[in-house]
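S.K.: Right, I'll just put the structure down here and ask away after.
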Amino acid sequence: MNGFRGDLRRLTEQSGAFEEHAATARGIAAELREALERTGDCWGTDEAGTRFAELHLPGTRRALDTVDELSERLGALGGKFAHTAGEYDRADEDASAGLRAVDGAQRGRE
């Protein structure tokens, strides 16, 4: 058979797991941020340390922002999966209702 099929039960169940993944990502980001703050500016204030900071701190900030964004996106993805499952279920129910109506009209003509 050709076509699209979806396991709504599984999709709905798994959509909730994304919030757990998002919480894990938030925890990892917080731990990383705290570890970096505890370490401080360990590279020194001499010319080499200053140059190191200039080169590497912007990337560190971007990496932390990306990890923070990951948790937000994981949570949103779970919501999108749940929404998709609901829409798929509604479309399936609407199609079934339409077929029942056609079948009922057809039987009424017989």
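S.K.: Quick one: which residue in G59, G79, G86 is open to solvent by less than 50 Å² (accessible area, probe 1.4 Å), out of contact with any helix residue (DSSP H, G or I) (no Cβ under 6 Å at 6 or more places or on another chain), part of a helix (DSSP H, G or I) and farther than 23 Å from L11 by Cβ?
M.R.: Criteria check complete, one pass: G59.
S.K.: Checking the structure you have, find out if any residue of region 95-103 is charged (D, E, K, R), surrounded by 14 or more Cβ atoms within 10 Å (Cβ to Cβ) and at pLDDT below 90.
M.R.: no
S.K.: How many residues are part of a helix (DSSP H, G or I) and either touching a residue at least 60 places away in the same chain (Cβ under 8 Å) or open to solvent by less than 100 Å² (accessible area, probe 1.4 Å) (or both) when one looks only at region 35-50?
M.R.: 6
S.K.: Restricting attention to region 2-23, does a residue exist that is outside any helix (DSSP H, G or I), surrounded by 10 or more Cβ atoms within 10 Å (Cβ to Cβ) and either modelled with pLDDT under 90 or of a type in the set (D, E, K, R) (or both)?
M.R.: yes
S.K.: Just to be sure before I move on: is T45 more than 23 Å from A17 (Cβ to Cβ) and at pLDDT 85 or above in the structure I sent?
M.R.: Yes; evaluated as a whole, the condition is true for this residue.
The values are calculated or read from the model by the stated rules, or taken from the named source; none is laboratory data. The structure displayed is predicted, hence computed values, not measured ones. Note that each Cβ is placed from the backbone with ideal geometry, even for glycine, and that neighbours are counted across all protein chains shown. Heavy atoms of the whole protein, side chains included, go into the accessibility calculation; ligands, DNA and RNA do not. Shrake-Rupley method; radii C 1.70, N 1.55, O 1.52, S 1.80 Å.
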